[in-house]
Amino acid sequence: MSNLEKILNNKTSCKSVWFMRQAGRYLPEFRKIRSKNEDFIKLCLNSELSSKITLQPIKRFDLDSAIIFSDILIVPYALGQTVKFFKKKGPKLNQFNYKYFLDTNENEFLRKLKPIYKAIKLTRKKLDKKKSLISFVGAPWTLLIYMLDLKKNNSKLNTKKFKSLENLDKIMDKLILFLCLHIKNQSKAGANVVQIFDSWAGLIPDKLKKNYCFIPNKKIVDFCKKHKIPTICFPKGIKKKYKDFNKFVKPNCLNLDSSINPIWAKKNLKNVVIQGGLDPKILLRSNEEILKRAMKYIQTFRDIPYIFNLGHGLLPQTDPDKVNKLIKFYRSYNG
């Protein structure tokens with residue numbers, strides 16, 4: 001059992017470190033592959049390359065866990081939407097077809113995602129047994145932001161469009177079923193842990209957070225508990241409602257975003273493992289600043305179960321050498 005699994009299952013205080021988006025655009029070895037593969041979804045569905053990319057940061061750094069190279073939008077793709085990525089603009093999906101979505105069956109969904117499960121199997125064979133292999137999904141709300149094009153100016157909810165939606169609850173319930181199916185099959189393929197990314201949870205109006213963030217995440221977490229799959233939840237941007245989320249959803253672990261004060265988190269988030277929090281932008285600064293900020297998290301959580309990670313994914317402009325120095329600093333401090 002890896003350190004990550006020991007922490008999540010037993011809430012022990014052994015050390016563990018990995019980073020969100022650790023396999024990605026900041027690595028020259030990834031950029032070399034990406035330059036030859038323009039279609040990002042096709043790249044995610046290339047089992048051999050997905051596995052190779054997943055293992056790149058493991059070969060380069062002393063990390064405890066690998067996270068499978070994929071994307072949260074692979075689920076909308078499997079549910080019939082075209083997904084394209086544009087430089088500096090992000091992903092764009094074609095118009096949501098409600099009837100096609102409802103008519104999609106499980107076999108068709110799993111057929112499209114079969115390369116993901118193959119990539120997990122390939123990676124698990126090559127990965128040291130002492131290291132965890134993390135799978136992931138986007139939370140229902142976050143996926144619907146993309147599927148229904150609900151963002152305005154890239155950082156605000158299009159409230160007019162949101163209020164005009166019909167059958168949103170029905171769409172969300174069906175989406176949860178498919179997400180649980182995807183999680184189960186990732187686990188069967190060899191993934192040890194699942195992280196649930198609710199990256200746009202902060203856009204939900206406070207009065208609706210329970211309906212569109214807490215309840216959907218809880219349904220998925222409860223499914224994972226039933227199948228003994230450890231969960232890490234990341235309800236980014238909900239601020240002090242992290243406390244309410246934790247009490248209601250009860251995941252194995254909560255990933256802090258960088259706006260959460262670690263001292264507040266330690267005081268208010270009980271009966272849960274804490275992960276992350278360090279602002280990825282800090283890694284663009286001097287080594288001295290990086291280690292000083294990292295020390296705040298290390299010292300705050302030194303006597304409770306904690307997984308060293310970030311408050312979001314590594315940025316494309318991050319210097320891999322600084323990532324290496326941060327990992328070595330964490331290792332040396334924790335002996």
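Taken together, LYS281, LYS296, LYS267 contain a single residue that is without any contact (Cβ under 8 Å) to a residue 60 or more places away in the chain, more than 22 Å from GLU5 (Cα to Cα) and surrounded by fewer than 14 Cβ atoms within 10 Å (Cβ to Cβ), which is LYS267. If the condition is being under 15 Å from HIS312 (Cβ atoms) and touching a helix residue (DSSP H, G or I) at 6+ places or on another chain (Cβ under 9 Å), then segment 276-292 contributes GLY276, GLY277, LEU278, ASP279, ILE282, LEU283, LEU284.
Only one of the numbered conditions (1) under 20 Å from TYR26 (Cβ atoms); (2) buried (at least 21 other Cβ atoms within 10 Å of the Cβ); (3) within 18 Å of the chain's Cα centre (by Cα) is not met by LEU315, and that is (2). The sole residue among ILE215, ILE238, ILE229 that is closer than 15 Å to ASN192 by Cα and either of a type outside the set (A, V, I, L, M) or out of contact with any Pro (no Cβ under 9 Å at 6 or more places or on another chain) (or both) is ILE229. Only one entry in LYS130, LYS89 is over 22 Å from LYS210 (Cα atoms), without any contact (Cβ under 8 Å) to a residue 40 or more places away in the chain and out of contact with any Phe, Trp or Tyr (no Cβ under 6 Å at 6 or more places or on another chain), namely LYS89.
Listed by first and then second residue, the pairs with beta-carbon distance under 6 Å, at least 6 apart or on different chains, first residue in segment 309-335 and in contact (Cβ under 8 Å) with a residue 40 or more places away in the chain, second acidic (Asp, Glu) and surrounded by fewer than 20 Cβ atoms within 10 Å (Cβ to Cβ), are GLY311/ASP279; ILE327/ASP62.
Of all residues in segment 64-83, none are surrounded by fewer than 16 Cβ atoms within 10 Å (Cβ to Cβ), touching a helix residue (DSSP H, G or I) at 6+ places or on another chain (Cβ under 6 Å) and modelled with pLDDT of 95 or more.
Considering only residues in segment 99-137 that are in a helix (DSSP H, G or I) and hydroxyl-bearing (Ser, Thr, Tyr), the one that is nearest to GLN22 (Cα to Cα) turns out to be THR123. Residues satisfying the criterion are absent from segment 21-37 (criterion: crowded, with 17+ Cβ neighbours inside 10 Å, in contact with a helix residue (DSSP H, G or I) (Cβ under 6 Å, 6 or more places away or on another chain), among the charged types (D, E, K, R) and not in a helix (DSSP H, G or I)). Selection over segment 46-73 of residues that are under 18 Å from the mean Cα position of the chain (by Cα) and over 23 Å from LEU4 (Cβ atoms) gives a count of 1.
The values are calculated or read from the model by the stated rules, or taken from the named source; none is laboratory data. Quick caveat: nothing in here was measured; it's all calculated off a predicted structure. Quick reminder, even Gly has a Cβ in these numbers, built from the backbone with ideal geometry, and neighbours come from all protein chains shown.
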